[in-house]
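The structure under discussion appears below in the form of structure tokens.
The values are calculated or read from the model by the stated rules, or taken from the named source; none is laboratory data. Only a predicted model underlies this, so the values are computations on that prediction, with no experimental measurement involved. Cβ sites come from the backbone with ideal geometry, for glycine too, and all protein chains shown count toward neighbours.
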């Protein structure tokens, strides 16, 4: 079995979307946006896209992430992802639980494309 080129940090799920934060393995960059990647997987359309990270905050029991056009609020059990008028209630999945094969493939394909683009620069 081939090990993925990333470590899963956060995973949230509902019936329409999944959101993951990964830390790419073997990336020697000071730019954290190249090392840490937030991805949104649209289950309905079988599409994965990057969430453009802007900022983060933590309080006693909550984590907050702001992205270019959306935001995420989560605790150890659940989260709320908001994008414009749309709001999704999500369940937090333990990071030690493997991703579904479909999501693993989508993340791997995304990273291959990301690596290809960065090599061409």
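Below is a table of values for the structure above.
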| quantity | calculated |
| --- | --- |
| Residue among 73, 66, 21 that alone is under 14 Å from the mean Cα position of the chain (by Cα) and under 14 Å from residue 111 (Cβ atoms) | 21 |
| Scan of the stretch 30-47 for residues that are assigned to a loop (DSSP other than H, G, I, E, B) and closer than 24 Å to residue 100 by Cα, ordered by number | 43, 44, 45, 46 |
| Output for the stretch 13-29, where each listed residue is more than 20 Å from residue 80 (Cα to Cα) and in a strand (DSSP E or B) | 23, 24 |
| Members of the stretch 61-109 found to be part of a helix (DSSP H, G or I) and surrounded by 11 or more Cβ atoms within 10 Å (Cβ to Cβ), listed by number | 102, 103, 104, 105, 106, 107, 108, 109 |
| Counted residues, the stretch 24-45 - those being at pLDDT 95 or above and farther than 13 Å from residue 111 by Cα | 6 |
| Residues within the stretch 24-42 that are in contact (Cβ under 8 Å) with a residue 40 or more places away in the chain, closer than 20 Å to residue 95 by Cβ and over 11 Å from the mean Cα position of the chain (by Cα), tallied | 1 |
| Pair list, Cβ < 8 Å and 6+ apart or interchain, from the stretch 98-114 residues that are on the phi < 0 side of the Ramachandran plot and in contact (Cβ under 8 Å) with a residue 40 or more places away in the chain to residues that are surrounded by fewer than 13 Cβ atoms within 10 Å (Cβ to Cβ) and assigned to a loop (DSSP other than H, G, I, E, B) | 102/46; 104/98; 106/46 |
| For residue 57: the one exception among (1) in contact with a strand residue (DSSP E or B) (Cβ under 9 Å, 6 or more places away or on another chain); (2) farther than 25 Å from residue 34 by Cβ; (3) surrounded by fewer than 14 Cβ atoms within 10 Å (Cβ to Cβ) | (2) |
